[in-house]
Amino acid sequence: MAETDTTAVPNAGEQADRLHRGSGEGRRKGRPFPKGRQLDPTALAEVRQLLGDAPRRRDLLIEHLHIIQDTYGHLSAAHLAALAHEMRLAMAEVWEVATFYAHFDVVKEGETPPPAVTVRVCDSLTCALFGAEQRLEALAKAFGAKVRVVRAPCMGACDKAPVAAVGHRLVEHVDMARAKTAIAAHHDDHVTPADPALTLDAYMADGGYTLLRRCLAGKVAREAVIDALDKAGLRGLGGAGFPTARKWSLVRQTEGPRLMAVNGDEGEPGTFKDRYFLESDPHRMLEGMLIGAWVVEAEAVYIYMRDEYPDIIRVLRREIAALEAAGLSPHTDIHLRRGAGAYICGEESAMIESIEGKRGLPRHRPPYVAQSGIFGRPTLVNNIETLWWVRDIVEKGGAWFAKQGSPDHPGLRSYSVSGRVKHPGVKIVPAGVTARALIEEHCGGMLDGHRFKGYLPGGASGGVLPASMADIPLDFGQLEKHGSFVGSHAVVILSDQDDMKDVALNLMRFFEDESCGQCTPCRAGTEKAVKLMAGGNWDQPLLRELSAAMTDASICGLGQAASNPLISVMTHFPDDL
């Protein structure tokens, strides 16, 4: 090869250097390195070792962030830059995702990493009723800088309030002694004994997956499954209540290829039914999921589980591997995705964005996810409880399930009951039960010294109703005329010892913290509402005006429903204002 002739262009090397670095009078001061963030070779080697042979696909970004966070306890700028390089993504893409989710601790250059142990104390409503704020202050004072103590939203264990998490270890009825014990055992966090009752063999011994095998063998028609769900009156039990049979039919009628998503990100304060179902019988949900994937002919299923349920995630990983090895999922691929602490990802389109490795920002509609969901494909989205009932309904018949309720309220439902009752927990009872019946017949009555004053019929979003309205059936379409709804069937019982203004403020602070920030009515509205509510006397006309703007103009249900507790307290509890 001939050498390059630089003699025709005097000082060519100097000119190139000036173009690259700048030099001479009137030029910017030269840089000793190229513009942009520089890679740390050590960090890059560490990231490559952690990821191993795992694909570097864009949709796995959050999974890879979890691997780094779990290993080092935080996400350093050097590791984020290395991950961006390894995945061939812009640093801005990695940074915006890492900083969006509450469970990722991003440490900027020059900042000190957090302590090795983080204690998250739940400050959502039920835990607040049982002294979470006092626990938070006491723990922070006791541990000082050695342990990071922070407040956190609902952890899905409201029946064991107040609760905290030491790392990923849930501490029930947390006090100083229990917190110290959990911190001492923090190094064994990864060790969780397997419960033999949760295994594939135990489930199959009780007839499990017989229905799925019959479906895959062509002995059951897809239309027969949909018909059974229709006769049962089964509805989406994540909050919206859309008829399940109709949803499956709509997705099936949409041109493929199709996908499926399982929404296991129950973050609504007061809701813990998914935890109950998956701890007691996870394969019942998995069989319902695989039947659903078969009915709509979904090429892949994505199970999205909230990060607050690490034991459940471990069980699911183990049992999914077992059922795949047993040849029970030849018709679809199963992917388990782990959330990262974002309530908004319980909204189906925000969940899909997170599954794709992005920030959990709700999408504008239309198109609906049944038309364009994961990766733009038609996607069936179902809640954990909805899928949990599929096997029983198809095996025993839709009429059997419907008769468990009443003609007006067909079927069985689970109600997550917490608050001022003697025996909180998940209560599986006929649909349309009343709050009064839940208290008196299923929860052992009110706590001693407490008089029933009000209740949340549907978690933080469902508003607050007085005890005088405790005989309304807790079912879809029954509470809307009262400015409320049943939602995810999370019932929080309040007593005469609870200040309703404090209750509403606690709920509004939750929405302020959990707003994704995408739309101004929700982002600015929740912040403004908190300031107005915390200021003492409520300016009710201004709060009602603000509520109307949030309800009418917010993109998704978070902003649209955030003011329900506020409005209901002003309407039903005027003496507390």
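The values are calculated or read from the model by the stated rules, or taken from the named source; none is laboratory data. Everything numeric in this text was worked out from a predicted model, so none of it was measured. When we count neighbours, we look across all protein chains shown, and the Cβ atoms used for this are built from the backbone with ideal geometry, even at glycine. Accessible surface is based on the protein model in full, side chains and every heavy atom, while ligands, DNA and RNA are left aside. Shrake-Rupley method; radii C 1.70, N 1.55, O 1.52, S 1.80 Å.
Overview of values
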item: Residue-normalised accessible area of the range 418-501, expressed per residue, 1.4 Å probe, Å²; result: 33 Å²
item: Mean Kyte hydropathy of -1.0 or more with a Cα span along the axis of at least 18 Å, helices from DSSP in the chain; result: 282-296, 310-325, 500-514, 520-534, 540-553
item: Sulfur and carbon atoms: percent of accessible area, the range 69-163 [1.4 Å]; result: 52 percent
item: For the range 56-130, with +1 on Lys and Arg beta carbons and -1 on Asp and Glu, the positive-most of Val94, Leu75, Leu125 along the dipole; result: Val94
item: Protection proxy ranking of 452-458, 301-307 - average other beta-carbon atoms within 10 Å, highest first; result: 452-458, 301-307
item: Charge-dipole axis of the range 484-559 as Lys and Arg at +1 and Asp and Glu at -1 on Cβ define it, positive-most pick from Val492, Cys556, Ala534; result: Cys556
item: The range 453-577, dipole about Cα centre (Lys/Arg Cβ +1, Asp/Glu Cβ -1), debye to the nearest 20; result: 260 debye
item: Options Leu566, Gly327, Phe272, ranked by Cα towards positive dipole end of the chain, top entry (Cβ charges); result: Gly327
item: Rounded accessible area per residue of the range 98-232, 1.4 Å, Å²; result: 50 Å²
item: Cα gyration tensor category, rounded, prolate or oblate, for the range 340-468 with a/c compared to 1.5; result: oblate
item: Rel. contact order, % - alpha carbon contacts under 8 angstrom, at least six apart, the chain; result: 12 percent
item: Kirkwood hydrodynamic radius (C-alpha pairs) into Stokes-Einstein, the range 117-275, 37 °C and 0.692 mPa s, D in µm²/s; result: 169 µm²/s
item: Lys108-Ala184 pseudo-label distance in nm [points 7 Å out on the Cα-to-Cβ vector]; result: 3.9 nm
item: Out-of-range pairs (alpha-carbon distance over 25 Å; input Lys160/Lys180; Lys273/Lys528; Lys141/Lys422; Lys358/Lys501; Lys273/Lys358); result: Lys273/Lys528; Lys141/Lys422; Lys358/Lys501; Lys273/Lys358
item: Computed [θ] at 222 nm, deg cm²/dmol, the chain (DSSP H ≥ 4; -39,500 (n - 2.57); rounded to nearest 500); result: -12000 deg cm²/dmol
item: Inter-label distance, nm, simple model (7 Å from Cα along the C-beta direction), Arg365/Arg213; result: 3.9 nm
item: Charged-residue dipole, Cβ positions (Lys, Arg, Asp, Glu), the range 385-516 about Cα centre, Debye nearest 20; result: 280 debye
item: Accessible surface ranking that places the most exposed of Phe143, Phe375, Phe130 first, with a 1.4 angstrom probe; result: Phe375, Phe130, Phe143
item: Distant-in-sequence amide H partners of Arg235 (H built 1.01 Å from N, under 5 Å); result: Thr244
item: Charged-residue dipole, Cβ positions (Lys, Arg, Asp, Glu), the chain about Cα centre, Debye nearest 20; result: 500 debye
